[in-house]
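See below for the structure under consideration.
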Amino acid sequence: VWGHRPFPFTLRPSDPRCLDLVRDLCDELLPHFNSKLFNVGMDETVDLGRGRSEQECKERGVGVVYLEYLMKVYEEVKKRGHTMLFWGDIIMHHPELIPQLPKDVIALDWGYEANDPFFEHGEKFKAAGIPFWVCPGTSTWLTVAGRTENCLKNIENAASNGLAQGATGLLNTDWGDQGHWQYLPVSYLGFLAGAGASWNAGSNGFDSIAKALSTLVFRDKAGLMGGIAYDLGNAYLQIEKKIHNSTVIFQALAKPLDTTTMIEDVKPEEYDAAEAVIRKALADLDRTQMGAPDAQLIKDEYTNACRMLLLGCAMARIRYDIKDGRDVSAAKAAARKELEAIIAEHDRLWLARNRPGGLVDSRKRLEDRLAEL
């Protein structure tokens, strides 16, 4: 395994063909955009120093090899009249090299947990005179329905500490790892929170965000939909065990049945409590009176999200039964029937908003679980 992937994915910095590829991409893509900001990525290079780059990194150090390549990319970006943005996670592993960065780049300091060290990272960039943005996220990916509490704390942390350390911007991120099972409206809460915090970090109004969502986004005359989104995104809190950048319920649905981390140190009644939150959200959807033009689609998306979460709880219970040696044939049959319906609906909902690209991968991850059942 190469980092968190089963194959290598980082370009070899010393291979001149890699820089040729970067040049070609720049020349092909940049003419189609008006912005002079250019994010070159260069994050999560966790396989740098392995495989073909192992020897050079041993000789000169991973950080030095990374920085030298970053500088080569920087020169290509600068030649084309753009300002280079890059994700700051790798250089932060080598803080002694931060002062060597050009003073006209923008470092993107990303972190997606409530307690990520935005203050400490900002302090290092500020001391070196490197402009930086703080980059929290919506906390929706790898969850199905979000992590409301984590989202709000993560964004508030980034905004307040970015302001304290002189960050020049806030980039609110929204990702779709492992199949992008969360539907677009799940991210609206994080979008709204990020907008509020980035414009006014000292008074972001998070206490009324559910009401604001109902009124401004969902246009729900019943005033319910914002609270449904908020509460469903907190269903994960009913399970004491927490998983970095994800939820236990998502993992129960996404991982093979022989993966048991989602029942280790988790009491079955915790899933009962989470189910109660999910079922309440599902029931309350019928009482909404949304005036948004895509109101029915939003309702359908949240309905399927609830079904996916409930199936995750059911899959966890199957694991408990397997562990205890009980017959799971009936439970598997029921889960299979429900998952077949979820997949069919997921296809429809995906295509209602998105291009087909990505759907095959998204559906395949659900079909893998179907094959097990």
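The values are calculated or read from the model by the stated rules, or taken from the named source; none is laboratory data. Predicted model, so just to flag it, every value in this text is computed and none were measured. Glycine also receives a Cβ, built like all others from the backbone with ideal geometry; neighbour counts cover every protein chain displayed. When the accessible area is computed, the model is the full protein with side chains, heavy atoms only, and any ligands, DNA or RNA have been set aside. Shrake-Rupley method; radii C 1.70, N 1.55, O 1.52, S 1.80 Å.
Straightening the chain between Phe9 and Glu59 buys 15.9 nm, computed as 0.36 nm per residue apart minus the Cα-Cα spacing. A 1.4 Å probe run over the chain, with the rest of the protein chains in place, finds 48 Å² accessible per residue. Highest-first packing order for the peptide set 161-171, 13-23 is 161-171, 13-23, based on the mean count of other beta carbon atoms within 10 Å. In the elastic network of the chain, a GNM with C-alpha springs shorter than 10 Å, the most mobile of Thr303, Thr261, Thr138 is Thr261. Ranking Phe250, Leu349, Leu282 by Cα position along the charge dipole of the range 238-373, where only Lys, Arg, Asp and Glu carry charges on their C-beta atoms, puts Leu349 farthest toward the positive end.
Per-residue Karplus couplings for the range 22-31, computed as 6.51 cos²θ - 1.76 cosθ + 1.60 with θ equal to phi - 60°, are listed in order as 4, 4, 4, 5, 4, 5, 6, 9, 4, x Hz, Gly and Pro entered as x. Among the GluC sites (Glu not before Pro) in the range 239-319, which ones are in a DSSP loop with at most 15 other Cβ atoms within 10 Å of the Cβ? Mind listing them? The qualifying sites are Glu240, Glu264. Relative to the longest principal axis of the Cα atoms of the chain, the long axis of helix 359-372 lies at roughly 50 degrees.
Put a plus charge on the Cβ of each Lys and Arg, a minus charge on the Cβ of each Asp and Glu, and nothing anywhere else: the dipole of the chain about its Cα centre is then about 520 debye.
Using the Karplus relation 6.51 cos²θ - 1.76 cosθ + 1.60 with θ = phi - 60°, the per-residue 3J(HN,Hα) values for the range 44-50 come to 6, 7, 6, 9, 5, x, 10 Hz, with x marking Gly and Pro. Only protein atoms count toward the accessible area here, which uses a 1.4 Å probe; on the chain, the carbon and sulfur part of that area reaches 54 percent.
Output the 0 to 90 degree angle, nearest 10, between the alpha-carbon long axis of helix 329-353 and the longest principal axis computed from the alpha carbons of the chain. Rounded to the nearest ten degrees, it is 50. Put a dot 7 Å past the Cα of Ala222, heading toward its Cβ, do the same for Leu257, and the two dots end up 3.7 nm apart.
Ordering Met290, Met71 by accessible surface, largest first, gives Met71, Met290; the 1.4 Å probe counts only protein heavy atoms, with every chain in place.
Under the convention that each Lys and Arg Cβ holds +1 and each Asp and Glu Cβ holds -1, the size of the dipole of the range 42-201 around its Cα centre is about 380 debye.
Fully extending the segment from Ala195 to Arg336, taken as 0.36 nm per residue of separation minus the present Cα-Cα distance, adds 46.7 nm.
Computed extension gain for His94 through Glu367, at 0.36 nm per residue and net of the alpha carbon distance, reaches 94.2 nm. Give the angle, between 0 and 90 degrees and rounded to the nearest 10, that separates the Cα long axis of helix 118-128 from the longest principal axis of the Cα atoms of the chain. Tilt relative to the chain: about 10 degrees. With each label modelled as a point 7 angstrom along the Cα→C-beta vector, the Glu28-Ala283 pair spans 5.5 nm. Computed from backbone phi with θ = phi - 60° and the Karplus coefficients 6.51, -1.76 and 1.60, the 3J(HN,Hα) list for the range 280-286 is 5, 4, 5, 5, 5, 4, 5 Hz; x is used for glycine and proline. Across the range 235-281, the mean sequence separation of Cα contacts (distance under 8 Å, 6 or more residues apart), normalised by length, yields a relative contact order of 54 percent.
Taken along the Cα-to-beta-carbon direction at a fixed 7 Å, the label points for Thr83 and Ala352 span 4.0 nm.
For the range 245-373, relative contact order (Cα pairs under 8 Å, six or more residues apart, normalised by length) works out to 34 percent. Counting alpha carbon pairs within less than 8 Å and at least 6 residues apart, what relative contact order, in whole percent, applies to the chain? Rounded, it is 12 percent for the chain.
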